[in-house]
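Following: one structure in structure tokens, then a few remarks.
The values are calculated or read from the model by the stated rules, or taken from the named source; none is laboratory data. Remember, it's a predicted structure, so these values are computed and weren't measured experimentally. Cβ coordinates were reconstructed from backbone atoms using ideal geometry, including for glycine residues, and neighbour counts include every protein chain displayed.
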Amino acid sequence: MSSEILEHRTLFIGGRWVEPAGTDVIEVLSPHDGTVVGRVPHATTEDVDRAVAAAREAFDNGPWPRMSVEERLAVIGRITELMGARAQEFAELITRENGSPISWSVTNQVMGAIGHFAVTAKVAAAFPFEESKQGMRTPLVVRREPVGVVAGIVPWNVPQFTSASKLAPALAAGCTVVLKPSPETPLDAYLFAEVAAEAGLPQGVLSILPADREVSEYLVSHPGIDKVAFTGSVAAGKRVMEVAARNLTRVTLELGGKSAAIILPDAAADDVVRTVLTGSFLNNGQACVALTRVLLPRSRYEELSGSITAAVKALVVGDPLDPATQVGPLVTKRQQARNLDYIRIGKEEGATLLAGGGVPEGLEDGAYVEPTLFGDVTNDMRIAREEIFGPVICLLPYEDEEEAVRIANDTDFGLSGAVVTADVDHGLEIARRIRTGTFTVNGFSIDLTAPFGGYKNSGIGREFGAAGLSAYLEQKAISLPAG
């Protein structure tokens, strides 16, 4: 992809490219070297009003909710094909925006987003949108109807993946959507707008408004919105829920995590290292599902911590557009400062710094933080309790299995987790005891066909697959006369 600055001067409102109401601009900076990647208009509250009005009209009177499921899925199928044809373009653009290693951008940022549309189409094709059944006294018809106008608010870490997790089920259900991308990563949303228009999405069905938190809050509070689908921090999620409650607007919230990987005494060292590298440092550690607390049996602590330390030190850090890079920069200097501050806190708390801990030499212009590993961490330390959102991982020793389960559950979060063991059946027993929305026995995996979401502060509701589609539907029961 060319390194030229991408300039966008219009907004995508109701399927049309229109002039913004304001003059403010969002400037996107490269996390690799701080240079300007692109500029887009900063949407205003007036732009929100226009987008919601277009979505409201398209939902209340337009063809999209009234099409057959098959007709809507035909459009979604074209979206999938067009995204696939431009997959490399999407991947390189996202990498330039947020620093995700290009190899990970291709396989997860983009192919994961495409996977959402493909899986949702398959689920929707077999979904019981209407079914007849016998009630207590009379026959019934139970319908699942689109919830209405959806506000989708997505973060910068996996912008297309999280957008697709909302757009795919909302569109399949027959909803209209106002999508609010993060100001750090608005450029890939413009690329998706081109795809949606080319795929034949009717006017009014989709608007895309890059903006800050103030405009986001206005969107959430808008009386024309029927549902908010939000992915982001716990603090922002609580605010979304508070604002949405004023209008009794439905919400799904996918929030943060501080997930534990329980390493049982019978685990093979190679499997342990593979799980940590895959599940802890994905996307430069900027993943809500990351395994940031690794629980090691004290009987093997020295051995396993040594193996993990060596593997972390060997990770290749550098330009995220280089295919050899395994860990790139954080999204902004602000996130870099946050991570470095937590590293300082970890040292002050008495944790042992085993790897990393600073800014890689020669990469000072970017927002880089070395892959960092702390040992001898206790679960009351801030670095073990608070979401750092970067390549900073904690090793916690435990005495026995009961203590490991207790530590894993002793958190305000409940999004992800894993166990590594030679006994898969026993691993499943451990999985059943951990209060978290997703869990992997031996490895790290998120399945797009399975319900995804969290316990406790990790969120409300579920995304992905049939559960994700159901979140964009209202249920209606129609009683018919007996006989």
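Tabulated data
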quantity: Residue check, Ala21 modelled with pLDDT of 95 or more and part of a helix (DSSP H, G or I); calculated: no
quantity: Residue check for Gly256: among the small types (Gly, Ala, Ser), over 15 Å from Pro155 (Cα atoms) and not in a strand (DSSP E or B); calculated: no
quantity: Filter result for Thr162 (closer than 30 Å to Thr35 by Cα, hydroxyl-bearing (Ser, Thr, Tyr), part of a helix (DSSP H, G or I) and in the same structural domain as Ala229 (by TED's automatic domain parsing)); calculated: yes
quantity: Hits in the range 312-330 - residues which are surrounded by 15 or more Cβ atoms within 10 Å (Cβ to Cβ), under 20 Å from Gly279 (Cβ atoms) and out of contact with any Lys or Arg (no Cβ under 9 Å at 6 or more places or on another chain); calculated: Val312, Leu315, Val317, Thr325, Gln326, Val327, Gly328
quantity: Cβ pairs under 9 Å, 6+ apart, first in the range 313-339 and acidic (Asp, Glu), second surrounded by fewer than 19 Cβ atoms within 10 Å (Cβ to Cβ); calculated: Asp319/Asp33; Asp319/Leu363; Asp322/Val316
quantity: Some residue of the range 126-148 being part of a helix (DSSP H, G or I), assigned by TED's automatic domain parsing to the domain that holds Val205, at pLDDT 95 or above and not basic (Lys, Arg); calculated: no
quantity: Test: Leu363 is part of a loop (DSSP other than H, G, I, E, B), under 26 Å from Gln109 (Cβ atoms), in contact (Cβ under 8 Å) with a residue 12 or more places away in the chain and touching a Pro at 6+ places or on another chain (Cβ under 6 Å); calculated: no
quantity: Within the range 340-360, considering residues that are out of contact with any Leu (no Cβ under 6 Å at 6 or more places or on another chain) and in contact (Cβ under 8 Å) with a residue 40 or more places away in the chain, the one farthest from Pro101 (Cα to Cα); calculated: Ala351
quantity: Members of the range 90-113 that are under 16 Å from the mean Cα position of the chain (by Cα) and surrounded by fewer than 21 Cβ atoms within 10 Å (Cβ to Cβ); calculated: Val106, Thr107, Met111, Gly112
quantity: Residue within the range 341-362 that is small (Gly, Ala, Ser), in contact with a strand residue (DSSP E or B) (Cβ under 6 Å, 6 or more places away or on another chain), crowded, with 17+ Cβ neighbours inside 10 Å and within 24 Å of Asn409 (Cα to Cα) present; calculated: yes
